[in-house]
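Below: one structure, written as structure tokens.
Values quoted throughout were computed directly from the atomic coordinates according to the rules given, and no laboratory measurement underlies them. It should be emphasised that the depicted structure is a prediction, and the values quoted were computed from it without experimental measurement. Here the Cβ is made from the backbone with ideal geometry for all residues, glycine too, and neighbour counts use every protein chain on show.
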Amino acid sequence: MTETLLYEGKAKKVFTTDEENVLLHRYKDDATAFNAQKRGSWKDKGKTNATMSAAIFAYLETHGIPTHFVEQVDDTTIKTKRLTMLPVEIVVRNVAAGSLSRLLGFEEGRKLKAPIVELCYKDDDLGDPVLNWYHFRELGVSDEDLEFCEELGLKVNQVLAPFFDERGIILVDFKIEAGRDSEGNLMLADEISPDTCRFWDKETGEKLDKDRFRRDMGGVEEAYAEMLRRVTEITQRGAVD
Ligand code: TMP
Ligand code: ASP
């Protein structure tokens, strides 16, 4: 199979293949934070992000959520449908942390009355700002697409919050993206991993995600390995349908 590099991002490479409308996403061990001002790398990060994303996309599909996921090809690579991405980052929050704590002055760890969905404009130069629907209309994103994004975020949260709860993890918040396939169908895309979610241990409150890297807390490699273990081992045992 001929692989042609289409795009290299901060944490992954994307390739086209001989198959039309199919891409390979190969996850790297590299990480950045704060819009690439901070850089790092740790062992098996790519493996964790690819394998966790694959397991979770497959699980979401069984719950009626369409995704770009086709199959996992090797430890660090997943095959996906080729999509035209919406310029939107969909953030869903159950507990205050990070930028929401700063925005509303909420203490980190404060449980929210109901999930909060934020639609951010995917633009590194602007720092991916949270926008409202008027801004998005001005940028040419349709109300239908925004509605899809909000509903997708809430539905993914409804499925994943209990999934992680059964694995002893509080799903504090997460970021997803969406795109349209060649036939015009909108679906979930990107990745679901400790890079793009906040995961706190239910018993100890320990952070098991990229905040360990962002905040120089140490133990980042161990945290990623622990999240991979909780997702794959319990999934393989079939404890949760
Ligand atoms: P925030 O609190 O920094 O806005 O982050 C909210 C969630 O989005 C958190 O789970 C981490 C994730 N996230 C990304 O996936 N990519 C990003 O560039 C940022 C800033 C956050
Ligand atoms: N992914 C973003 C960056 O590079 C930020 C983050 O995850 O904190 O820089």
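Relative contact order, whole percent, for segment 89-182 stands at 36, derived from Cα pairs under 8 Å and 6 or more residues apart.
Could you pull out the pairs from Lys45/Lys202; Lys10/Lys122; Lys10/Lys202; Lys12/Lys122 whose alpha carbons sit more than 21 Å apart here? The pairs that break the limit, which is 21 Å between Cα atoms, are Lys45/Lys202; Lys10/Lys202.
Convert 20 °C to kelvin, take the viscosity as 1.002 mPa s, use the Kirkwood radius over C-alpha pairs of segment 51-122 as Rh, and evaluate the Stokes-Einstein diffusion coefficient in µm²/s, rounded to a whole number. Rounded to a whole number, D works out at 145 µm²/s. When the Cα atoms of segment 110-241 are aligned to their principal axes, the ranges along those axes come out at 44, 36, 32 Å in descending order. Remark: spin-label model distance Arg39-Glu151 equals 4.3 nm, labels positioned 7 Å along the Cα→Cβ axis. For the pair Glu107 and Asp143, label points projected 7 Å from Cα toward Cβ lie 4.1 nm apart.
Across segment 143-198, the relative contact order, built from alpha-carbon pairs under 8 Å that are at least six residues apart, equals 29 percent. Multiplying the residue separation of Leu5 and Thr232 by 0.36 nm and subtracting their alpha-carbon distance yields 78.8 nm. For segment 73-84, 3J(HN,Hα) computed residue by residue from phi via the Karplus equation (6.51, -1.76, 1.60; θ = phi - 60°) reads 9, 8, 3, 10, 10, 10, 8, 9, 5, 8, 10, 9 Hz, glycine and proline entered as x. Across segment 126-174, Cα-Cα pairs more than 14 Å apart make up 63 percent of the total. Normalising the Debye intensity of segment 20-163 to I(0), with uniform scatterers on Cα atoms only, and taking log10 at q = 0.12, 0.17, 0.18 Å⁻¹ returns -0.63, -1.33, -1.44.
How many percent of the alpha carbon pairs in segment 1-84 exceed a separation of 23 Å? Result: 26 percent of Cα pairs exceed 23 Å. Here is the P(r) of the chain: all C-alpha pair distances, binned every 10 Å from 0, give 7, 32, 40, 19, 2, 0 in whole percents. Helical runs assigned H by DSSP (4 residues or longer) give the chain a calculated mean residue ellipticity at 222 nm of -10000 deg cm²/dmol, each run adding -39500 (n - 2.57) before division by the residue total.
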